[in-house]
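The values are calculated or read from the model by the stated rules, or taken from the named source; none is laboratory data. Remember, predicted model here, so these are calculated numbers, not experimental data. Glycine gets a Cβ as well: all are built from the backbone with ideal geometry, and neighbour counts include every protein chain shown. Note: accessible area is taken over every heavy atom of the protein model, side chains too, but ligands, DNA and RNA are not part of it. Shrake-Rupley method; radii C 1.70, N 1.55, O 1.52, S 1.80 Å.
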Amino acid sequence: MQRESARRSNRDRTETTRAELISAARELFTEKSYAETGTPEIVAAAGVTRGALYHHFADKQALFAAVVEQEAAAVAREIDRASPPSLSARDALMAGSDAYLTAMRVPGRTRLLLLDGPAVLGRAEMDAIDNRHGNRSLREGLVAAMRKQSMKRLPPEALTALLAAAFDRAALAIEAGASGEDYRAVLTALIDGLSPA
């Protein structure tokens, strides 16, 4: 019993340290950028040692990947929450689209996921992260719409990639001050344009 409690306590400490490193890194990466943030700043902000950083992450890039993964998962949760199975396929896609644009307004998120992410991790790794999270939700919605015949049958991977790129471009434009309503109107037209003739 005591050994199990000690194991749980060690696991809790490990998870807490990892979470503190990710949180501190996220704040610094969004405030200063990945390139301008050093590991000494991260460990100081997290209140841990450099040894603790390297116990959990191979290097700064691995820590950055963990931050990006966490952000992508948070966006996917918002999309999934906004588009329950009770909605029609089209309404679920629209609700997921709105949820994505709203989730991307969290300060620093576009920098992490759309700018620094691809630059630091490379397109292939960012695609893999996206495919585990937001793109997964989008693809599932598109496939469901095609199965219900409320959308033209198209190759799901290509359709997901192109629509995701449109959503990403909209998020960047909105963050830069463009009209969210204008981009929502165009995204709605894109999705409605996929309806069967």
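For the reader, a short list of remarks on this structure follows.
- Stretchable slack from ALA44 to GLU181, in nm (0.36 nm times residue separation minus alpha-carbon distance): 45.2 nm
- Estimated dipole of the chain in Debye, rounded to 20 [Cβ of Lys and Arg +1, of Asp and Glu -1, Cα centre]: 620 debye
- Segments 35-47, 124-136 sorted - mean Cβ within 10 Å per residue, highest first: 124-136, 35-47
- Surface listing: ARG123, ARG18, ARG105 arranged by accessible area from highest to lowest gives ARG105, ARG123, ARG18, probe 1.4 Å.
- Multiplying the residue separation of GLU15 and GLN70 by 0.36 nm and removing their Cα-Cα distance gives an extension gain of 18.4 nm.
- Taking label points 7 Å from Cα along the Cα-to-Cβ direction, LEU154 and ASP192 give a separation of 1.6 nm.
- Here the gap between ALA173 and ARG147, fully extended at 0.36 nm per residue and compared with their Cα-Cα distance, gives a gain of 6.1 nm.
- Classified by the C-alpha gyration tensor, region 1-135 has an oblate form. Its axis ratio a/c, with a ≥ b ≥ c, is 1.5 or above, and a/b does not exceed b/c.
- Region 1-156 - accessible surface per residue (Å², probe 1.4 Å): 55 Å²
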